[in-house]
Amino acid sequence: MRIRATSCENVAVDSYLIGAPAAVGAAAGLLAYAGRYPDSKIFGPAITHTNSPRKLAVTFDDGPNPTMTPKLLDLLDRHKTRATFFVIGKFARQHPELLRETVARGHVVGNHTDSHPNLFWSSASQTRDELRRCQDAITSALNAPPKFFRPPFGWRNPWLAASAHELQLKVVTWTLLPGDWRAPTDDWLIDRMQSISAHAKSGATSDANSAASATYARGGDILCLHDGGHRAQNTDRTRTLAALEQCLPRWRDLGLEFVTMNEAVSTPAL
């Protein structure tokens, strides 16, 4: 009897030892999903799409970049496109004139932290400091605080929502991150953005197709590109410029409306 009891106890211990790593792995997976997945709301509200499948929000991270941002502003002017620029505070302090030029041309400037850390590993105080320092840099340049915030690398943490709320910032993620910072050719990047054209074509026929209508009821795309690089100024983004030169007129011909984040949402993020 003792042997049987001991055997049963050993089986219970073995099951625990087997199950514990699985539970830890599941918890780690949930945490990674909560922190990184663009559609996740576990760590607080976020704007993940525009409010219409016909609206495309083109956004840029990691500027202002004195080498590339002026060229990008000229390109957007040529194609009558308004966009949103999520800037890094330390770069904004170096080139406040670029922020003023960006807004003067009809674009929106957003907060992208002060030094571009991975917030997933940041404490509550570090998170608050990163957002506030960038907020102060933008406000100093524009005499008005930004309304939108994008977390570096898309990573969030449990205290980001409180810090954003304190500064009256809406968190913005994306539907498409094509990886323009590592594009080997223009065509490679253009190919990585084909889903925007596919969504536009599907959205155009959604009224006649109930299944398509249900698919695209989620709203329109938020495209995340880069006009700078978070490690240093003067990062080359000519692939991004060249790809947009071809894609912007194609997207307009498909009936897409280019909008800033102000125009992309009509209600607070849910």
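When segment 130-153 is limited to residues that are farther than 19 Å from A46 by Cβ and among the aliphatic types (A, V, I, L, M), the one that is surrounded by the fewest Cβ atoms within 10 Å (Cβ to Cβ) turns out to be A144. Remark: T127 falls outside the filter, which requires a residue to be closer than 19 Å to G229 by Cβ and crowded, with 16+ Cβ neighbours inside 10 Å.
Scanning segment 188-201 for residues that are of a type in the set (D, E, K, R) and in contact (Cβ under 8 Å) with a residue 12 or more places away in the chain, we see that the one that is farthest from R237 (Cα to Cα) is K201.
The lone criterion from (1) open to solvent by less than 10 Å² (accessible area, probe 1.4 Å); (2) in contact with a Phe, Trp or Tyr (Cβ under 9 Å, 6 or more places away or on another chain) left unmet by G89 is number (2). Segment 103-212 holds helices (runs of 4 or more DSSP H) entirely within its bounds, and those carrying 1 or more residues that are within 16 Å of A92 (Cα to Cα) map to 124-142. Taking first residues from segment 220-249 that are open to solvent by 10 Å² or more (accessible area, probe 1.4 Å) and partners that are acidic (D, E) and part of a helix (DSSP H, G or I), the Cβ contacts under 8 Å between residues at least 6 apart in sequence or on separate chains come to H226/D180; R237/D180; R239/D180; R239/D186; A242/D186; Q246/D186.
When segment 30-73 is filtered for residues that are of a type outside the set (A, V, I, L, M, F, W, C), at pLDDT below 95, open to solvent by less than 10 Å² (accessible area, probe 1.4 Å) and not in a loop (DSSP other than H, G, I, E, B), only G35 remains.
The residue that is surrounded by the most Cβ atoms within 10 Å (Cβ to Cβ), among those in segment 154-182 that are aromatic (F, W, Y) and under 17 Å from I42 (Cα atoms), is W174. Take the conditions (1) outside any helix (DSSP H, G or I); (2) small (G, A, S); (3) more than 20 Å from I47 (Cβ to Cβ); A92 misses just one of them, which is (1). Tell me, yes or no, whether segment 213-220 has at least one residue that is farther than 18 Å from G110 by Cα and at pLDDT 95 or above. Within segment 213-220 (the criterion being farther than 18 Å from G110 by Cα and at pLDDT 95 or above), the answer is yes, since at least one residue qualifies.
The values are calculated or read from the model by the stated rules, or taken from the named source; none is laboratory data. Keep in mind the model is a prediction, meaning the values are calculated, not measured. Glycine also receives a Cβ, built like all others from the backbone with ideal geometry; neighbour counts cover every protein chain displayed. Quick note on the areas: whole protein, heavy atoms, side chains included, nothing else; ligands and nucleic acids left out. Shrake-Rupley method; radii C 1.70, N 1.55, O 1.52, S 1.80 Å.
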